[in-house]
Structure formats: structure tokens, C-alpha cells
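One structure below.
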Amino acid sequence: MTLNHFLNRVAARNPHQPEFLQAVSELAASVWPVYESRDDLVRNQILDLIVEPERQVIFRVTWVDDEGEVQVNRGCRIQYNSALGPYKGGMRFHPSVNQANLKTLGFEQIFKNSLTGLAMGSGTGGADFDPKGRSDGEVMRFCKSLMMELYRHIGANIDVPARDLGVGEREIGYMFGAYNRIKNDYTGAFTGRSVGLGGSPLRAEAAGYGCVYFVEEMLKTIGESLEGKTVALSGYGNVAQYAIEKINQLGGMVVTVSDSTGFVHDPAGISGEKWQYLLELKGKRYGQISDYAKLFEAAYHPGQKPWAVPCQVAIPCATLHELDEADARALVKNGCRCIGEGANMAATPAAVEMFRNSPVLFAPGKAAGAGAVAVSGFEMSQTSQRLSWEAEEVDRKLKNTMRSIHEQCMEHGKNGGRIDYVKGANVAGFLRVANAMVSRGLL
């Protein structure tokens, strides 16, 4: 069987799912030489097994809004791969959520979780519900209704959902509370809970901190650091907020943030009271990034992305495929040295290919964005031991984990005199899962 034959077969079984096929194609192209060299992997058709979810559950979520109107949403949980441990991955609430994009996220999650070295399989889920603009009561009623079905499929040793887009500490708390009442079971069925509910310190900060730690490791390979670097960053949610904080701590300067309406360019840097305002703005019911521009007299660019702003480091933290080929060309032309994806598959395939064929250091989200799931794994350990580690200990473990992921990428991504982080992350993540699948048998 050739690589093209394999990809054609996957495409035939998954029509009209371009993002999923992109994720599979990228992984398969990287690992194919390793896969073909291992008779045990080929004989057991490990690649065919790995692209197929173990289980997919779709269900109706019915709830009543503040006006007394009945609302109907669709929920889904995809339990993708359990070779390394319980299914583990986020729940996202957003109107764009559907089975196809969740499958893409779940597939990527396999290798992200694998790279952490922790005992976690891969799962993902969510609903086409938008919490933005909803009252606390509406969000709580939705979460309770969702749990009336989801509780059947999760548990501390089965499937452990976590935060994702549109799902923060509030939503996790409501879902965990409903699970606890339905099951009469106060266990680690969710991560991302508040510390008061048994959550881990630094869970909110983990994705942003972890991405910045990885970028710092990348820069070390060329004898540089974040100190003195100008950073272009997208988004202003959880990942972006704490990436900004850590960049400031390491001596860099973030000059852009964005939302769905456009981006802000603040050449003086986003720190101190400006950064604090971002935290407050995200918590407002109808807050927009243009409010930041008005308050601090920064340039606001409606309907545009920040990638034409000159920078040495870029960190896309917003959404899928936010950085395209034209954006990549602008970053390379303006002298960007290093790019780390804070969001899953933030760069399009054409953009990724341009980065890989340029001097720019580029790390995919499955490597650079693994900080959140790493601390989720730490939370699982703390919950099982009925312990809470200090923030300093969690931060140290997070930094060590991101350094370990970087070392794996270096080991498997050597390409002449440089490092192909896409190949390195894919091969390292794949081998750990594939070896586990062979070791435990197929049925």
C-alpha cells in the first residue's frame, strides 16, 4: 500500500471533512517512512486503526432560556483513542461545533497527549451552543441538561473532559456539579475545575505559559531568547492572555491582540494595566477588542489580521486556519524568526509548507500547544491523590514537560542542519501511541 492509496481510502470514508483530511495527511506524510519500516505496524494496520475513532456519541440538549423559550442544541463526545489511558480532551461550546471539526480536534489530541508522556488517551466533544451573551442562569441550565446524557459516557477512569473554546471554569463547574449530583460521585470526571473544587493551580495559565516555554526552547537552538523580541499575537482569550503575561516576564513585548472583528496594534507593548484590562474585557458580556484601542489610544484595524505587523516572533492563539499563505509570506518577509501555534492547526497547509521551506522556526499546535493538556494530566494526578500542588511546582513540571516535548521534536525532526518541528512532533507522538496499540492487542 502506498501513502496516496491510504489517503485516498481515508478521503473516501470521510467525505466533506477537509480539516480532518488535512490533519490525517500531515500526520501520515510525516510518519510514513517510519510506518513502512515497521512490519508490526503495517501488519496490524495501525494507521487505519488510529484514524478511526473508537466511539462517537451524538445527542440532543434541550433547555429553557431566560425568556421561557425552549432551546434545542446538539451535543457530541468523540472517544478517539484509549491506548495510553482514559480518553482525555476538551469540551467546546460554539455555534461552529459539529462532528467533523470535533473529529479533527480529537485526532490531533491523540498526538498532543502522547507527547506529554502522561497516561492519557484522546477524546473531544462539545455542543453548538454559544455561551457568549448568555446569562449565568442560561449557561447553568444548558450545562445541567447536557450532563443528563453525557454523564453516561464519562468518568475518572473512562473519559475526562476538560476546558476548550467557550468552556471555562464556570462551565466546568456547572457540568461537574451536575455530574456529582446525578452520579453521587465526587471524582475527577472533569479537569479545569476551580482550585476550590479540586482543580490544579495554573490551569488557566497552562496553555499560554506552555506555548511560550516551547517558543523559548526553539529560540535557544539558534542562540536567542524572547528577551527584547517583538511578538505579534492573535486572540485575546485564555491562551493569549497568559502567553502575553509569560512573554512579558521573559523580557519580550507583545504588540498585537485580536478578536473576530479585527486586531489592535499597540507599539508600546501590552503589559501592566493594559494586560489587566484585557482580562477584565474578556469577562464582559459584550466586550470587544476595539474597546481596548479606544481606552489606550492604540490603532484598531477592523476586519484584518495582525500578521503584517513586523515582529521577530508570532504566536497565533485564536482559531483554526487563521494564518494563511499570504500571512505566512508577510511574516517571512518582515523577518519573523519563530512561530509557535497556540491554537490547534492555526496555520493553513499552504502556510505550514511555506514556513517549513523557509529559515523560520515553526512549531505545530500539537507540540507548542500541549501545555493545557499537560496541566490537565497533573490535575488528574492531584485528584487521585487528594492533593493540591503549589503553583510553583506545577509551573516547574509544566516547563519540564514542554522542554521534554521539544527534545522529542528535535530527536525525530532532524532535517540536515535544522529541525522540522512538524515531522518531529508527528513521529514522536505517533510512535508512543502505535507501540502501545501493538503491545495491548487489537481487539
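The values are calculated or read from the model by the stated rules, or taken from the named source; none is laboratory data. Model, not experiment: these values are computed from the prediction. Cβ placement follows ideal geometry from the backbone for every residue including glycine, while neighbour counts extend to all protein chains displayed. Just the protein is used for accessible areas: all its heavy atoms, side chains included, with ligands, DNA and RNA removed. Shrake-Rupley method; radii C 1.70, N 1.55, O 1.52, S 1.80 Å.
Taking residues in the stretch 326-348 that are in a helix (DSSP H, G or I), and partners anywhere that are modelled with pLDDT under 95 and polar (S, T, N, Q), the pairs with Cβ atoms closer than 7 Å and at least 6 places apart or on different chains are VAL332/SER358. In the stretch 189-201, the residues that are farther than 13 Å from VAL394 by Cβ form Cβ pairs under 9 Å with partners that are of a type in the set (S, T, N, Q) and open to solvent by less than 10 Å² (accessible area, probe 1.4 Å), at six or more places apart or across chains, as follows: GLY192/SER200; GLY192/SER376; ARG193/SER200; GLY198/GLN382.
Table: residues versus (1) at pLDDT below 95; (2) closer than 28 Å to LEU41 by Cα.
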{"site": "ALA351", "(1), (2)": "no, no"}
{"site": "PHE362", "(1), (2)": "no, no"}
{"site": "ALA367", "(1), (2)": "no, yes"}
{"site": "GLU390", "(1), (2)": "yes, no"}
{"site": "GLU393", "(1), (2)": "no, no"}
{"site": "GLU407", "(1), (2)": "no, yes"}
{"site": "GLY424", "(1), (2)": "no, yes"}
{"site": "ALA428", "(1), (2)": "no, yes"}
{"site": "LEU443", "(1), (2)": "yes, yes"}
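Considering (1) within 30 Å of ARG170 (Cβ to Cβ); (2) at pLDDT 95 or above; (3) not charged (D, E, K, R), the lone condition that ASN101 does not fulfil carries the number (2).
Is it the case that the stretch 353-365 has a residue that's open to solvent by 20 Å² or more (accessible area, probe 1.4 Å), under 16 Å from VAL239 (Cα atoms), out of contact with any Gly (no Cβ under 6 Å at 6 or more places or on another chain) and of a type in the set (Asp, Glu)? No, that holds for no residue. At least 3 residues being free of Cβ contacts under 8 Å to residues at least 12 places away in the same chain and within 23 Å of the chain's Cα centre (by Cα) is the threshold, and among the strands (runs of 3 or more DSSP E) wholly inside the stretch 204-305 not one reaches it. Taking residues in the stretch 167-181 that are farther than 25 Å from LYS284 by Cβ and open to solvent by 40 Å² or more (accessible area, probe 1.4 Å), and partners anywhere that are modelled with pLDDT of 95 or more and of a type in the set (A, V, I, L, M, F, W, C), not one pair has Cβ atoms closer than 8 Å while being at least 6 places apart or on different chains. If we scan the stretch 329-341, do we find a residue that is over 14 Å from SER260 (Cβ atoms), in contact with a helix residue (DSSP H, G or I) (Cβ under 7 Å, 6 or more places away or on another chain), surrounded by fewer than 17 Cβ atoms within 10 Å (Cβ to Cβ) and not hydrophobic (A, V, I, L, M, F, W, C)? The answer is yes, given that some residue of the stretch 329-341 is over 14 Å from SER260 (Cβ atoms), in contact with a helix residue (DSSP H, G or I) (Cβ under 7 Å, 6 or more places away or on another chain), surrounded by fewer than 17 Cβ atoms within 10 Å (Cβ to Cβ) and not hydrophobic (A, V, I, L, M, F, W, C).
Filtered by the rule that a residue be at pLDDT below 95 and among the acidic types (Asp, Glu), the stretch 240-281 gives ASP259, GLU280.
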